[in-house]
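Down below is the structure, laid out as structure tokens.
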Amino acid sequence: MSGDKPETKIVADGRMSDSHFGAVNTPVYRASTILYPDLAAIKANTQPYTYGRRGTPSTQSFEDAISSLEGAARTVSVTSGIQAIGLAILSVCSAGDHLLMVDSCYEPTRTLCDRTLKRFGVQTTYYAPDDDITAHLKPNTKAVFCESPGSLTFEMQDIAAIAKATHAHGASVLMDNTWATPLFFRPLEHGVDLSIQAATKYIGGHADVMLGYVAANEKHAGRLHQTHGDLGLYASGDDCFLGLRGLRTLAVRLARHQETGLALARWLQGRPEVARILHPGLPGDPGYGLWKRDFSGSCGLFGVVLKPVSEARLAAFVDGLQHFGIGYSWGGFESLIVPAHIRRAVRPFQAEGPVLRIHAGLEDVGDLIADLEKGLERLRT
């Protein structure tokens, strides 16, 4: 099915109906021990499933579907996005190596680098999203990590240019692509070696599963699989079943998230309480050119910079919202709003007032706008 469009791949690929009595969905396999028919089978080591941690039909269905969508040589599934990030880094970096990390990265990624990876002897330095990375590369740089757009401040990166410079240096390119999903941006086609997804978010889509994956090109597939196994990582059959269920409807959900997200962003752009909107899919955004060149769509996640306002007024706005939950994560059917606590190592992020991150869910867009309008009235009074 290599010639099929992505919207078809997410519905068709990874099915194993012939092996499961015609069932459309691969059943949930909960397994640790896998039995061999005889000693010769153990010696031959050709049995497709050997131990639950090393894969079952549930994990294979999910990973095969993702590999098809990503254009990957291999995908491995894990239990969260941050676990996928850690696995990807550890598959290319060792003690004494240098990791160059984008300064707009997901906050848990920064914590992982500054605390745990440092303890294991991996040095991390940061670069601004729009930097020419050449000046930041060191003799021991083994990986450059990208996140485009960043999940709090939404700066875009020139992934192709970064990949060209990184590969010329002999290092690997890793990218957290959770915002766009492989439906709107396929990292491996732009020079990325390891494509990372917090499948908890849009892939799962229902706020009820913790899941992540790393998809590798041919060069990196073997080392990724080896590190995944050595660390004893896996995702359960139940979680992969839920991930695959979400994947089947990703295209229709993402289209709605995109439509509603842009509608909310445009409406907020015209409000007097708002200083600016952080959304690369909006004309006039600093990242719009790169987004337009490389991406085929946007999701429902964007940022809002308010004009200066007291904590009490900000709380009046947010706490009284009826259709926006106050909570972390995103990508589910529900709309969310949280304050963005932005940390930078290279240069401060300039914001006129408080920064909020909004996820546009699947509710009626008119209801969401009315809710925000009432909230901004509370903010003013």
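Key figures
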read-out	value
Single condition A215 does not satisfy, out of (1) surrounded by fewer than 24 Cβ atoms within 10 Å (Cβ to Cβ); (2) of a type in the set (G, A, S); (3) in contact with an Asp or Glu (Cβ under 9 Å, 6 or more places away or on another chain); (4) under 22 Å from G71 (Cβ atoms)	(1)
Single residue of Q269, Q226, Q258 found to be within 30 Å of L356 (Cβ to Cβ), at pLDDT 95 or above and out of contact with any Phe, Trp or Tyr (no Cβ under 9 Å at 6 or more places or on another chain)	Q269
Hits in segment 308-319 - residues which are in a loop (DSSP other than H, G, I, E, B) and exposed (fewer than 14 other Cβ atoms within 10 Å of the Cβ)	P308, S310
Single unsatisfied condition, T200 versus (1) within 17 Å of C299 (Cβ to Cβ); (2) crowded, with 24+ Cβ neighbours inside 10 Å; (3) over 14 Å from the mean Cα position of the chain (by Cα)	(3)
Breaking point among (1) out of contact with any helix residue (DSSP H, G or I) (no Cβ under 8 Å at 6 or more places or on another chain); (2) within 30 Å of A143 (Cβ to Cβ); (3) outside any loop (DSSP other than H, G, I, E, B), for A95	(3)
Members of segment 222-238 that are farther than 15 Å from R53 by Cβ and surrounded by fewer than 21 Cβ atoms within 10 Å (Cβ to Cβ)	G222, R223
Every pair of residues 6+ apart whose Cβ atoms lie under 7 Å, when the first sits in segment 62-85 and is within 24 Å of P27 (Cα to Cα) while the second is surrounded by fewer than 21 Cβ atoms within 10 Å (Cβ to Cβ) and among the basic types (K, R)	S67/R74
Residues that are over 18 Å from S151 (Cα atoms) and either outside any loop (DSSP other than H, G, I, E, B) or of a type in the set (G, A, S) (or both), drawn from segment 101-125	D114, R115, T116, L117, K118, R119, G121, Q123, T124, T125
Residue in segment 34-54 that is surrounded by 12 or more Cβ atoms within 10 Å (Cβ to Cβ) and on the phi > 0 side of the Ramachandran plot present	no
Residue in segment 11-29 that is in the same structural domain as G243 (by TED's automatic domain parsing), within 25 Å of T178 (Cβ to Cβ) and surrounded by 23 or more Cβ atoms within 10 Å (Cβ to Cβ) present	yes
All positions within segment 290-304 that are over 17 Å from the mean Cα position of the chain (by Cα) and touching a residue at least 24 places away in the same chain (Cβ under 8 Å)	L290, V304
Residue under evaluation D64, criteria (1) out of contact with any Asp or Glu (no Cβ under 7 Å at 6 or more places or on another chain); (2) modelled with pLDDT of 95 or more, criterion not met	(1)
Residue in segment 26-34 that is out of contact with any helix residue (DSSP H, G or I) (no Cβ under 9 Å at 6 or more places or on another chain), modelled with pLDDT of 90 or more and among the aliphatic types (A, V, I, L, M) present	no
Residue within segment 15-36 that is part of a loop (DSSP other than H, G, I, E, B) and within 22 Å of F184 (Cβ to Cβ) present	no
Check on T153, among the β-branched types (V, I, T) and within 30 Å of L356 (Cβ to Cβ)	yes
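For (1) out of contact with any Pro (no Cβ under 9 Å at 6 or more places or on another chain); (2) among the acidic types (D, E); (3) under 17 Å from G261 (Cα atoms), each residue gets a yes or a no:
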position: G303; (1), (2), (3): yes, no, yes
position: A312; (1), (2), (3): yes, no, no
position: V318; (1), (2), (3): no, no, no
position: Q322; (1), (2), (3): yes, no, no
position: G327; (1), (2), (3): yes, no, no
position: R347; (1), (2), (3): yes, no, no
position: L356; (1), (2), (3): no, no, yes
position: L379; (1), (2), (3): yes, no, no
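The values are calculated or read from the model by the stated rules, or taken from the named source; none is laboratory data. Being a predicted model, the structure only gives us computed values, none of them experimental. Virtual Cβ from ideal backbone geometry, glycine too; neighbours counted across all protein chains shown.
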